[in-house]
Amino acid sequence: MHRKINFNAGPAALPAEVLQQAADAVREYNNTGLSILELPHRGREFAAIVRESNALVLELCGLDDRYEVLWLQGGGRMQFCMVPMNFLPENGSAGYIDSGRWAEEALEYATHYGDVQVLATSKESNYSRLPQWPTTIPDQLSYVHFTTNNTIFGTQWHTVPRINVPMVADMSSDIFSRVHDYSKYALFYAAVQKNLGTPGTALVVIRKDMPGRIVRELPSMLSYKAHADEHSILNTANVFGVYVSLLMLRWTKEKGIAAIDKENRQKAKILYDALDHSTKFVPHVQEKSHRSMMNVCFTAISPDVEKSFLILCEKNNITGIKGHRFVGGFRVSLYNAVTVSDVERLVELMKDFETN
Ligand SMILES: *Cc1c(COP(=O)(O)O)cnc(C)c1O
């Protein structure tokens, strides 16, 4: 196979060695005489996979056993439901920070369960910047939800204050991408198909006092407490999905978060520098301190320019750069598995394109 340079926003690029290990496990998992696709979810092997994955998540986040790690199904959006179902009382309020389409969708889901206060929004700018972080957070809020990286619009919170009510973060598109203080959160979650594996699975990390705050009776599949009590095998687990995440966690640990952080900054700088000096492309986010290191959005100066650059990229084996329909233009996702040389190749092509 001739592998493409993959800048897709999700499902996203995975490292070649992780793909190889996953393929090997599909043939046979660890001398069991079974494929990973056939492995019993209540067996010894899968229990070991979950145990190692949980330990690696806590280690990479710098957290201890005051937090519980869960592997759930239903991707990111199921967490948009579970957070308010579990923690927003019918007569209570939750605060949401509306910094992009995912943030907005999360708050729309929450309105089914209780009152939602929009503490800040940048919708009026088509999310081309971050909103101002709220100066005060009302004490009576059950929690505040925000999105650390806005995948569609290419903005990212580079500083996150500690707040006085439980803070919930959607970290789907930047988990493990940088040195970060995860101890600020009561709960954080990530759909894993960006920096951490294959679609359909969500990683949830929850402080152990939180299930005690659950506000309504729920069917067990929707209850964090029930999943925690059953150690992520309440029903047939997504065995393969969790295993690929374990491979990604091992890969992440081997590189080290500090090295990944440094490389991600370098990748983003190469691309933003090119855009800031471009005659044919315009970055979507002008405010440099709001720019995402993970998703770089930009437009072309005309539809013709846009079209011919897309064609040029496809010809050169580069895929996944078409922008989301809410922004148009281009979006280049620079997740952990994307290399510096992948970005250099793209920028080289942009520069050639501009001089022709
Ligand atoms: C990708 C993404 C999601 C959605 O995940 P699904 O698994 O498609 O539901 C949610 N939030 C953010 C920030 C994302 O980037």
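The values are calculated or read from the model by the stated rules, or taken from the named source; none is laboratory data. This structure is a prediction, so every number in the text was calculated from the model and none was measured. When we count neighbours, we look across all protein chains shown, and the Cβ atoms used for this are built from the backbone with ideal geometry, even at glycine. Accessible surface is based on the protein model in full, side chains and every heavy atom, while ligands, DNA and RNA are left aside. Shrake-Rupley method; radii C 1.70, N 1.55, O 1.52, S 1.80 Å.
In this model, which of Lys123/Lys194; Lys184/Lys280; Lys208/Lys288; Lys208/Lys269; Lys4/Lys123; Lys123/Lys225 are farther than 31 Å apart at the alpha-carbon? Intermediate results must be reported in sequence, preceding the final value.
On the way: Lys123/Lys194 24 Å; Lys184/Lys280 41 Å; Lys208/Lys288 37 Å; Lys208/Lys269 38 Å; Lys4/Lys123 35 Å; Lys123/Lys225 34 Å.
Where the Cα-Cα span goes over 31 Å, the pairs concerned are Lys184/Lys280; Lys208/Lys288; Lys208/Lys269; Lys4/Lys123; Lys123/Lys225.
The dipole here belongs to the stretch 16-255: it is taken about the Cα centre, uses +1 on the Cβ of Lys and Arg and -1 on the Cβ of Asp and Glu, and is about 260 debye. In the complete set of protein chains, residue-level accessible area for Thr136 is approximately 100 Å², probe 1.4 angstrom.
Under 5 Å between amide hydrogens, built in the peptide plane, is the criterion, and for His145 it picks out Gly95, Tyr96, Ile97, Val168 among residues at least 5 positions away or on other chains. Look at the dipole of the stretch 214-308 built from charges on Cβ: of Ser220, Gln266, Asn235, the Cα furthest out on the positive end belongs to Gln266. Between Pro166, Pro283, Pro303, the residue with the greatest mean-square fluctuation in the GNM of the chain (Cα pairs under 10 Å linked by springs) is Pro303.
Please give the peptides 150-163, 207-220 ranked by average Cβ packing (other Cβ atoms within 10 Å per residue), highest first, as a rough proxy for protection.
Values: 150-163: 20.0, 207-220: 13.2.
Highest to lowest by the protection proxy: 150-163, 207-220.
Out of every Cα-Cα pair that the stretch 256-341 contains, those further apart than 20 angstrom amount to 34 percent. For Ile152, the amide hydrogen comes within under 5 Å of the amide hydrogens of Arg101, Trp102, counting only partners 5 or more places away or on other chains and with H modelled in the peptide plane. The calculated P(r) of the stretch 1-135, using every Cα pair and 5 Å bins from 0, goes 2, 8, 11, 12, 14, 16, 14, 10, 8, 5, 2, 0 in percent.
Put simply, the convex hull of the Cα atoms in the chain casts, on average, a shadow of 17.9 nm².
Under 5 Å between amide hydrogens, built in the peptide plane, is the criterion, and for Ser35 it picks out Tyr29 among residues at least 5 positions away or on other chains. In order along the stretch 103-118, phi translates into HN-Hα couplings of 4, 5, 5, 4, 6, 4, 4, 5, 4, 6, 10, x, 7, 10, 9, 7 Hz, rounded to whole numbers, per the Karplus curve 6.51 cos²θ - 1.76 cosθ + 1.60 with θ = phi - 60° and x for Gly and Pro. Over the stretch 16-255, Cα pairs under 8 Å with separation of 6+ residues give a relative contact order of 25 percent. Using a Gaussian network model of the chain in which every pair of alpha carbons under 10 angstrom is joined by a spring, one finds that among Leu222, Leu312, Leu60 the greatest mean-square fluctuation is at Leu312.
Among 176-182, 241-247, the peptide with the highest mean count of other Cβ atoms within 10 Å heads the list, and the full ranking is 241-247, 176-182. Once each part is reduced to its C-alpha centroid, what is the distance from the stretch 169-235 to the stretch 65-81 in angstrom? The two parts, judged by their Cα centres, are 3 Å apart. Candidate cross-link partners of Lys255 among the aspartates and glutamates, defined by an alpha-carbon separation under 15 Å and a same-chain spacing of 8 or more, comprise Glu17, Glu59, Glu263. Between Asp261, Asp64, Asp342, the GNM of the chain built on Cα springs shorter than 10 angstrom shows Asp64 fluctuating the most.
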